Amino acid sequence: MAKTKQSRGKLVRKFGENIFGNPKYDRLLNRKPYGPGQHAQSRRPKVSNYGTQLQEKQKIKFMYGLLEKQFRITFKKAEKLKGETGTNMLQLLESRLDNVVYRLSFAPTRPAARQLVNHKHFLVNGKSVNIPSYILKPGDEISVREKSKKMEIILDSIRTIKGDIELPWLNLDKAKMLGVFESIPERDQMSLTINEQLVVELYSK
C-alpha cells in the first residue's frame, strides 16, 4: 500500500470521507466534520479548477493505495480500452485483487487486504497469488488459503457481514470463505463518491 507521511486521520478529514474503510475514521468524522488545521472551521479557502481536479486524483490514489507511478500506469491502461476512460480506470481499480479481497470482507480495510495478499493468504482459482495489483477476470474464484482460515483478522472481518454482500458483481460463500468475481462492475454498481471525470480532465491538459 502506498505510504504517506500524512496521517490517515488528517486525510480522511481533508476529503470529508472515510476513504480507508476503517470504522474508527467514521467516528473521527462524526467528532470533527471539518478539515485538519487550526483554522479549518473558520476559513474555507477557494479552490481552483486545477486544485479540485488534483484533490480528486489524490483522493482516489489514497483510497486504493497507489503511488503516483502506479496510478499513471493504471490511467494509461484505461485510455487504451474501449469506452469512457474514467469508468475504465475505476473498473481496473475495482478489479484489483487487494480491492476485491476487501470488497468480499475478507479484510477490514484495503491496506489490510493488501498485506494479507502479500503474505499469500489467498488463492485465485486454486493458485497462490501474492500480487495486490493482480487484475481479476470474470469467473475468477478468490478463496482463503486453508491454513489462513483461522486468522482472527479474516474471521472478525467476515463476521461483520449481515446477510449477502450488496455488490452484484461479486458473490460470496461465507461458509467456504470463497468469493467469485462474477463480472466487471458497471459504473452505477460501484459504491463510490468519486468524480473520475475530474481526473480525466487533469491528465488531458
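Residue 194 satisfies every condition listed in (1) modelled with pLDDT of 95 or more; (2) touching a helix residue (DSSP H, G or I) at 6+ places or on another chain (Cβ under 8 Å) except (1). Answer yes or no as to whether residue 199 is buried (at least 19 other Cβ atoms within 10 Å of the Cβ) and out of contact with any Lys or Arg (no Cβ under 9 Å at 6 or more places or on another chain). So residue 199 fails the test. What do you reckon, is residue 11 modelled with pLDDT of 70 or more and loosely packed, with under 14 Cβ neighbours inside 10 Å? No; evaluated as a whole, the condition is false for this residue.
Taking the stated definitions as given, is residue 179 exposed (fewer than 12 other Cβ atoms within 10 Å of the Cβ) and either modelled with pLDDT of 95 or more or under 26 Å from residue 61 (Cβ atoms) (or both)? So residue 179 fails the test.
Can you tell me which residues in region 126-157 are on the phi > 0 side of the Ramachandran plot and free of Cβ contacts under 8 Å to residues at least 24 places away in the same chain?
Within region 126-157, 126 is the sole residue that qualifies.
No other residue among 188, 156, 140 is under 30 Å from residue 47 (Cβ atoms) and not assigned by TED's automatic domain parsing to the domain that holds residue 54 apart from 188.
Hey, among the residues in region 65-74 that are in a helix (DSSP H, G or I) and touching a Lys or Arg at 6+ places or on another chain (Cβ under 8 Å), which one's nearest to residue 100 (Cα to Cα)?
Here the residue is 71.
So which residues in region 173-190 are part of a strand (DSSP E or B), among the hydrophobic types (A, V, I, L, M, F, W, C) and under 18 Å from the mean Cα position of the chain (by Cα)? Selection gives 180, 181.
The values are calculated or read from the model by the stated rules, or taken from the named source; none is laboratory data. Predicted model, so just to flag it, every value in this text is computed and none were measured. Positions of Cβ are backbone-derived with ideal geometry, glycine not excepted, and every protein chain shown enters the neighbour counts.
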